[in-house]
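Enquirer: Sharing a structure here in structure tokens format.
The values are calculated or read from the model by the stated rules, or taken from the named source; none is laboratory data. As the structure is a prediction and not an experimental result, all values here were calculated from the model. Here the Cβ positions follow ideal geometry from the backbone for every residue, glycine too, while neighbour counts run over all protein chains shown. For the accessible areas, the whole protein counts, side chains as well, though only heavy atoms, and no ligand, DNA or RNA atoms are used. Shrake-Rupley method; radii C 1.70, N 1.55, O 1.52, S 1.80 Å.
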Amino acid sequence: MTDAMNAGAVAFPTKRGRGEKSSPTIYDIAKLAGVNPSTVSRALSKPGRVSAKTQKIIEDAAEQLNYQVNPFARALPTGRTQTIGLIVADITNPTFFDIIRGAETTGSARDYTLVLAESAESPETELIAARRMLGTVDGLILASPRMDDEKIRALASDKPVAVINREIEGVPCVVPDVNKGISQAVRSLAANGHQQLAYVAGPPQSWMSSRRWEGVQTACDWYKVGAVRLESSKPTVDGGRQVARDVLASGATAVITYNDLLAIGLMQELQAAGMQVPDQISIVGFDDIFGADFTTPALTTIRSPLGECGSRAAALLLDMLLGHDGPAGPVRVDTELVVRGSSGRLIA
């Protein structure tokens, strides 16, 4: 994460080992700038309370001394650390990269630092991480949370919480509208001669996986395409490889997967078994992660605006910290089909 200099607190000196140089304090800045320590404190905590000339002198002195504000010292008088937390389901999953960047960029622009943790797809680990983080951050973003609704509401009763990829009544949420992108995908597959489709699901505790399956069923009913749901062992490339036999056994000639990683692993395994993609089977992923177009053929996918999700969730959280009410309902963002080489006309 990018560390932004959060001006506004006295940095308490800490004990150092023999030979170590102590961190600079406002007293060091005051001495170098030729002003009183109280003037330094005002300049760093609330710019505008001193003259522009004095402000510049103090900022130059702080930079020269490599002065860093201690956010936890700052929290003593204000109750705020100028940090927000973000917990993701799997930090190794590229799905979350743009979410993290979007949240960090928005937070940094408003002088907040982002603190990151992961749940490793575990509701129990997620709850432990959330409780630990809420002791030090001003608010929390949960991206694809695995906890049940009541636990999330309990966290939100303690400090501001925003959620991505999940709808929870009473908690501000940012949710991709999957129906538009799924409808486009099923329409394209039906137009290319596919009559039987398989959906490879994500984790059982994933709210979004269930919504995507519902969207697939609705679109398939409309376009008169048969649909079957297949379970995956894990939402990863390896999980995609493991489900390949079930896909072949299903008789489906087209597949939509819960995420792009599953689609990539599935495509690799089917190609290794001699299947031609897309001539014999079309594969459509979900999210349009970085690297989705690196496969051969490039992966057709349903794009979710992940960076926008992260940015809007952070903005909601920061607005709540300013005392604004959260939105009355979920904030929805559109999805869209991105056609590449892994889907196309079925060649009998």
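Enquirer: Length gain on complete extension for the stretch Gln280 to Lys224, per 0.36 nm per residue less the alpha carbon to alpha carbon distance? If you can, show how the numbers build up before the last one.
Expert: Details: separation 56, 0.36 × 56 = 20.16 nm, distance 2.00 nm.
Full-extension gain reported as 18.2 nm.
Enquirer: Under the rule that an exposed site lies in a DSSP loop and has at most 10 other Cβ atoms within 10 Å, name the longest stretch of the chain with no trypsin sites (Lys or Arg not before Pro) of that kind, not counting the sites themselves.
Expert: Values: sites that count: Lys15, Arg16, Arg18, Lys21, Lys224.
It runs 22-223.
Enquirer: Sticking with this one: Calculated FRET efficiency, Asp246 and Asp148, Cβ-Cβ r, R0 35 Å, to nearest 0.05?
Expert: Once the sixth-power term is evaluated, E becomes 0.80.
Enquirer: Would you work out the Kirkwood radius for region 304-348? I mean one over the mean of 1/r across all pairs of different Cα atoms, in Å.
Expert: Values: mean 1/r = 0.0735 Å⁻¹.
For region 304-348, the Kirkwood estimate is 13.6 Å.
Enquirer: I'd like the FRET efficiency for Ser210 and Glu336, computed as 1/(1 + (r/R0)^6) with the beta carbon distance as r and R0 of 22 Å, rounded to 0.05. All intermediate terms of the calculation are to be shown ahead of the outcome.
Expert: Numbers: r = 21 Å, r/R0 = 0.96.
Once rounded, the FRET efficiency stands at 0.55.
Enquirer: Given a 1.4 Å probe and every protein chain left where it sits, what share in percent of the accessible area of the chain is carbon and sulfur? Walk me through the numbers before you get to the answer.
Expert: Numbers: 8170 of 16320 Å².
About 50 percent, which is the carbon plus sulfur part of the accessible surface.
Enquirer: So, with +1 on the Cβ of K and R and -1 on the Cβ of D and E, and no other charges, what is the size of the charge dipole of the chain about its Cα centre, to the nearest 20 debye? Please report the intermediate quantities before stating the final value.
Expert: On the way: 35 positive and 38 negative charges, 211 e Å.
The dipole of the chain has a size of about 1020 debye.
Enquirer: Please name whichever of Pro203, Leu317, Val277 sits farthest to the positive end of the charge dipole of the chain, dipole taken about the Cα centre and charges placed at Cβ: Lys and Arg +1, Asp and Glu -1.
Expert: Towards the positive end, the residue furthest out is Leu317.
Enquirer: In a GNM of the chain with a 10 Å cut-off on Cα contacts, which of Thr54, Thr125, Thr253 has the highest mean-square fluctuation?
Expert: Among Thr54, Thr125, Thr253, the largest GNM mean-square fluctuation belongs to Thr54.
Enquirer: While we're here: What's the long-distance tail for region 247-306, i.e. % of Cα pairs beyond 19 Å? Before the final figure, lay out each step's value.
Expert: Working: 368 of 1770 pairs.
Considering region 247-306, 21 percent of its Cα-Cα pairs are separated by more than 19 Å.
Enquirer: Counting pairs of alpha carbon atoms under 8 Å apart in space and at least six apart in sequence, what relative contact order in percent does the chain give?
Expert: On the way: 734 pairs, mean separation 58.1, N = 348.
Reported as a whole number, the value is 17 percent.
Enquirer: Cα centroid distance between region 139-214 and region 224-298, in Å?
Expert: Answer, in whole Å: 20.
Enquirer: If each Cα of region 175-272 is one equal point scatterer, what is log10 of I(q)/I(0) from the Debye formula at q = 0.11 Å⁻¹?
Expert: For the requested q values the scattering log ratios are -0.28.
Enquirer: Another question, if that's okay. Can you give the direction-averaged projected area of the convex hull of the alpha-carbon atoms in region 227-348, in nm²?
Expert: On the way: hull surface 35.9 nm².
Orientation-averaged projected area of the Cα hull: 9.0 nm².
Enquirer: Based on the Kirkwood radius over alpha-carbon pairs, what is the Stokes-Einstein translational diffusion coefficient of region 97-140 at 10 °C with 1.306 mPa s viscosity, in µm²/s?
Expert: On the way: Rh = 11.4 Å.
Answer, rounded: 139 µm²/s.
Enquirer: Now a separate question. What length, rounded to one decimal in nm, is gained on full extension from Ser51 through to Asp238, with 0.36 nm per residue of separation minus their alpha-carbon distance? Don't jump to the answer; show the numbers that get you there.
Expert: Values: separation 187, 0.36 × 187 = 67.32 nm, distance 6.08 nm.
The Ser51-Asp238 span can extend by a further 61.2 nm.
Enquirer: I want to verify the translational diffusion coefficient of region 141-226 in µm²/s; compute it with Stokes-Einstein, Rh as the Kirkwood radius over Cα pairs, at 20 °C and 1.002 mPa s. Present the calculation step by step, with values, prior to reporting the outcome.
Expert: Values: Rh = 14.4 Å.
This corresponds to a translational diffusion coefficient of 149 µm²/s.
Enquirer: Highest GNM mean-square fluctuation, the chain, Cα pairs closer than 10 Å: which of Tyr223, Tyr27, Tyr199?
Expert: Tyr27
Enquirer: For the chain, with the dipole built from +1 on Lys and Arg beta-carbon atoms and -1 on Asp and Glu ones, taken about the Cα centre, which of Leu189, Val237, Ile347 lies farthest toward the positive end?
Expert: Val237
Enquirer: Roughly how many nanometres apart are two label points built 7 Å out from the Cα toward the Cβ at Thr296 and Ile128?
Expert: If labels sit at Thr296 and Ile128, their model points lie 4.4 nm apart.
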